[in-house]
1. For segment 74-132, what are the residues that are among the β-branched types (Val, Ile, Thr) and either free of Cβ contacts under 8 Å to residues at least 40 places away in the same chain or under 23 Å from Gly196 (Cβ atoms) (or both)?
2. Does segment 182-201 contain any residue that is touching a residue at least 40 places away in the same chain (Cβ under 8 Å) and either surrounded by 18 or more Cβ atoms within 10 Å (Cβ to Cβ) or closer than 27 Å to Glu94 by Cα (or both)?
3. For Arg226, which of the numbered conditions (1) surrounded by 20 or more Cβ atoms within 10 Å (Cβ to Cβ); (2) among the charged types (D, E, K, R); (3) part of a helix (DSSP H, G or I) fails to hold?
4. I'd like the full set of residues that are under 18 Å from Asn182 (Cα atoms) and either aromatic (Phe, Trp, Tyr) or at pLDDT below 95 (or both), limited to segment 201-228.
5. So Asp181 passes all but one of these: (1) touching a Gly at 6+ places or on another chain (Cβ under 6 Å); (2) of a type outside the set (A, V, I, L, M); (3) over 24 Å from Phe55 (Cβ atoms). Which condition number does it fail?
6. Can you name the residue in segment 55-73 that is in contact (Cβ under 8 Å) with a residue 60 or more places away in the chain and under 15 Å from the mean Cα position of the chain (by Cα) and is also nearest to Arg120 (Cα to Cα) among such residues?
7. Does any residue of segment 93-114 turn out to be β-branched (Val, Ile, Thr), more than 13 Å from the chain's Cα centre (by Cα) and closer than 19 Å to Tyr203 by Cα?
8. For the structure I just gave you, tell me whether Gly174 is modelled with pLDDT of 95 or more, over 24 Å from Leu98 (Cα atoms), part of a loop (DSSP other than H, G, I, E, B) and not aliphatic (A, V, I, L, M).
Amino acid sequence: MGSPTDIKVNQYLKQTRDLYGDELFIELNPRQLSEMGEDSLKKPFSDFSSDLLAFNQEINQCQKCALGRSRTNFVFGVGDPSASLILVGEAPGEKEDLKGEPFVGRAGKLLDKILAAINRSRENGVYICNVLKCRPPNNRDPLPSEVKECEPYLIHQINLIKPKLIVALGRVAGKTLLNVDNSLKSMRGQLHNYNGTPLIVTYHPAALLRNPNWKPKAWKDFKWIRSIIDE
């Protein structure tokens, strides 16, 4: 027969299992978290590949949400795997879904011109992707449930690339990454933080095509972006 302490421990564990199932949750104080180190805090991503191309192969058949059944192509991302700048949109559109590449068509061409103006390109110093890897029907905004399933993929991409700066393109991408419901105007002009990486919100290139009067403001943002990544 066990000691009184053992019996109490067993009773506690049995009660915990009855209430919460087989998972055991341990509360750690700040000192213990510090001693664990940064790598331990990233453990949810430890099962993902440490190579960007291999990571794409691991997840490009994802069926975690309904978008996996309606997509034409999984849109992982393109660009420099050691980029100092990551550009993030909200989700693939129709052309992106058909080609399997983010930011194609007129909006993509405008984005390429903007990048060239700051001496960057998709192949040189820039990586481009979206919060979601699959196109939502009729290009609607991402649902919270879809973001919940897909955002860990984005976080791991960022962890692998280790950029100096993340730029959210458009209000929807900005409010999704920052978990706020703010206007683009209120998010612009500030240096935010996304899981430890500085983040700036600016106009989506498609919005600049619809409203050319916004281009000077976007250019102001990208000059600021250039100053950060050129430091």
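1. Just the residues of segment 74-132 that are among the β-branched types (Val, Ile, Thr), to begin with: 75, 78, 86, 88, 104, 114, 118, 126, 128, 131.
Within segment 74-132, Ile86, Val88, Val104, Val126, Ile128, Val131 qualify.
2. No - not one qualifying residue is present in segment 182-201.
3. Condition (1) is where Arg226 drops out.
4. Within segment 201-228, Tyr203 is the sole residue that qualifies.
5. In the conditions (1) touching a Gly at 6+ places or on another chain (Cβ under 6 Å); (2) of a type outside the set (A, V, I, L, M); (3) over 24 Å from Phe55 (Cβ atoms), Asp181 misses (1) alone.
6. So, considering only residues that are in contact (Cβ under 8 Å) with a residue 60 or more places away in the chain and under 15 Å from the mean Cα position of the chain (by Cα), the one nearest to Arg120 (Cα to Cα) is Phe55.
7. Taking segment 93-114 and keeping what is β-branched (Val, Ile, Thr), we get 104, 114.
Filter again for more than 13 Å from the chain's Cα centre (by Cα), leaving 104, 114.
Next cut, closer than 19 Å to Tyr203 by Cα only: 104, 114.
Among the residues of segment 93-114, at least one is β-branched (Val, Ile, Thr), more than 13 Å from the chain's Cα centre (by Cα) and closer than 19 Å to Tyr203 by Cα, which makes the answer yes.
8. Working: modelled with pLDDT of 95 or more: yes; over 24 Å from Leu98 (Cα atoms): yes; part of a loop (DSSP other than H, G, I, E, B): no; not aliphatic (A, V, I, L, M): yes.
Spelling it out, it is not the case that Gly174 is modelled with pLDDT of 95 or more, over 24 Å from Leu98 (Cα atoms), part of a loop (DSSP other than H, G, I, E, B) and not aliphatic (A, V, I, L, M).
The values are calculated or read from the model by the stated rules, or taken from the named source; none is laboratory data. Since the structure is predicted, the reported quantities are computational estimates derived from the model, not experimental observations. Don't worry about glycine lacking a Cβ; one is built from the backbone with ideal geometry, like all the others, and counts go over all protein chains shown.
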